[in-house]
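Shown next, in structure tokens, is the structure this report addresses.
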Amino acid sequence: MGMNSHTSQPTPSGPPPALAVRGLARTYGEGAGAVRALAGIDLTFPTGTFTAVMGPSGSGKSTFLTCAAGLERPSEGRVVIAGEDVTDWSEEDRTRLRRERIGFVFQSFHLMPYLTAAQNVGLPQRLAGHRPDRKRVQALLDRVGLGDRAGHLPAELSGGQQQRVAIARALVSDPAVILADEPTGALDSATAHEVLALLRSSVDDAGHVGGGQTVVMVTHDPVAAAYADTVVFLVDGRIAGTMARPTADAVAGQLAHLDELVAEHSMGAAS
Ligand SMILES: Nc1ncnc2c1ncn2[C@@H]1O[C@H](COP(=O)(O)OP(=O)(O)OP(=O)(O)O)[C@@H](O)[C@H]1O
Ligand SMILES: [Mg+2]
């Protein structure tokens with residue numbers, strides 16, 4: 001199973017997809033210097049799926065994630081989260097959306113250096129004006145294998161451990177979707193495996209704390225992409241193709257021939 005941007009429609013009776021974008025476009029700047037970072041993309045991410053987004057540097061991957069997260073407003077198109085069109089929400093409502101419905105994981109972790117692991121995990125709840133749920137925070141730290149490090153500061157943790165804290169933090173509000181921008185970009189391959197296995201289990205382990213998630217992950221690494229159900233390839237702000245049940249070899253092969261994919265795709269679109 002997986003997603004196909006062109007043919008699959010959400011079943012009218014089923015739950016809405018965790019995330020959908022329609023005609024999403026983003027242009028930076030104006031006139032001759034304008035950059036069309038996203039040129040109109042349609043994607044549906046059903047609940048409980050893991051999608052990798054790949055493409056050359058500058059192809060619009062981060063722009064896609066920041067628009068989906070409500071960090072930026074698209075120039076055109078719609079963003080629908082768990083069935084709700086959030087595109088025209090106010091800045092304030094989008095900030096609340098990010099705290100309560102979206103977990104964001106960054107390449108460089110973005111933990112608060114003066115807060116312990118447990119305090120970092122509880123931070124989104126605190127920022128939303130709630131008292132952190134200590135049991136849930138501890139359960140999430142257990143889940144990411146850091147139950148005994150709750151009182152440690154980020155500087156006292158390895159890179160992989162810090163990223164696992166960041167994933168626990170992303171899971172704390174039980175978000176509709178986890179958006180991760182190169183979450184293993186700063187990690188060695190063994191540590192990256194820990195983080196990817198954790199993201200995979202956050203999708204698969206429905207019924208457990210932090211399980212049943214929907215994950216969208218930008219990566220440059222074919223090995224990382226192979227943890228996903230589907231890979232979406234972006235080129236020049238457009239979808240150049242998708243691959244279901246990716247293997248690292250198949251993804252690497254496709255990345256080496258993205259130009260052909262673009263040619264095929266535009267021929268398909270023209271016919
Ligand atoms: N704030 C901005 N102002 C102007 N141009 C921008 C801005 N942010 C991104 N761009 C441009 O939009 C295009 C897409 O950028 P984006 O960051 O989405 O690429 P990316 O696929 O994430 O690349 P990378 O793999 O290098 O992270 C690039 O040409 C970039 O220079
Ligand atoms: Mg990027």
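The values are calculated or read from the model by the stated rules, or taken from the named source; none is laboratory data. Since the model is a prediction, treat every value here as computed from it, not as a measurement. Using ideal geometry, Cβ is built from the backbone for each residue, glycine included, and neighbour counts are taken over all protein chains shown. Remember, those area values only see protein heavy atoms, side chains included, never the ligands or the DNA or RNA. Shrake-Rupley method; radii C 1.70, N 1.55, O 1.52, S 1.80 Å.
Candidates are the residues of the range 144-187 that are more than 16 Å from ligand 2 (Cβ to nearest atom), in contact with a strand residue (DSSP E or B) (Cβ under 8 Å, 6 or more places away or on another chain) and not in a loop (DSSP other than H, G, I, E, B); the one that is most open to solvent (accessible area, probe 1.4 Å) is ARG169. Restricting the range 61-70 to residues that are touching a Gly at 6+ places or on another chain (Cβ under 9 Å) and open to solvent by 10 Å² or more (accessible area, probe 1.4 Å), which is nearest to ALA256 (Cα to Cα)? Here the answer is LYS61. With respect to being more than 30 Å from VAL232 (Cα to Cα), at pLDDT 90 or above and open to solvent by less than 60 Å² (accessible area, probe 1.4 Å), LEU196 falls outside the description.
Pairs are defined by a Cβ separation below 6 Å, a sequence spacing of at least 6 or placement on different chains, a first member in the range 46-61 that is in a strand (DSSP E or B), and a second member that is hydroxyl-bearing (Ser, Thr, Tyr) and more than 16 Å from ligand 2 (Cβ to nearest atom); the pairs so defined are THR51/THR230. Taking SER202, is it open to solvent by 30 Å² or more (accessible area, probe 1.4 Å) and either assigned to a helix (DSSP H, G or I) or in contact with a strand residue (DSSP E or B) (Cβ under 8 Å, 6 or more places away or on another chain) (or both)? So SER202 fails the test.
Counting only residues that are more than 14 Å from ligand 1 (Cβ to nearest atom), crowded, with 17+ Cβ neighbours inside 10 Å and in a loop (DSSP other than H, G, I, E, B), the range 210-241 holds 7 of them. For VAL262, state whether it is open to solvent by 10 Å² or more (accessible area, probe 1.4 Å) and part of a helix (DSSP H, G or I). Yes. Taken as a whole, the condition of being under 27 Å from THR230 (Cβ atoms), open to solvent by 40 Å² or more (accessible area, probe 1.4 Å), away from ligand 2 (no atom under 16 Å from the Cβ) and among the hydrophobic types (A, V, I, L, M, F, W, C) applies to ALA190.
Going by what's in this entry, would ARG73 be described as assigned to a loop (DSSP other than H, G, I, E, B), open to solvent by 60 Å² or more (accessible area, probe 1.4 Å), more than 26 Å from TYR227 (Cα to Cα) and at pLDDT 90 or above? Answer is yes for this residue. For the range 47-56, state whether one or more residues are surrounded by fewer than 17 Cβ atoms within 10 Å (Cβ to Cβ) and within 12 Å of ligand 1 (Cβ to nearest atom). Yes, the range 47-56 contains a residue that is surrounded by fewer than 17 Cβ atoms within 10 Å (Cβ to Cβ) and within 12 Å of ligand 1 (Cβ to nearest atom). Of all residues in the range 102-119, those satisfying the criterion of being under 19 Å from VAL177 (Cα atoms) and either modelled with pLDDT of 95 or more or surrounded by fewer than 20 Cβ atoms within 10 Å (Cβ to Cβ) (or both) are PHE106, GLN107, HIS110.
So for the range 17-34 (the condition being among the aromatic types (Phe, Trp, Tyr) and either within 15 Å of ASP181 (Cβ to Cβ) or away from ligand 1 (no atom under 16 Å from the Cβ) (or both)), does at least one residue qualify? Within the range 17-34 (the criterion being among the aromatic types (Phe, Trp, Tyr) and either within 15 Å of ASP181 (Cβ to Cβ) or away from ligand 1 (no atom under 16 Å from the Cβ) (or both)), the answer is no, since none of the residues qualifies.
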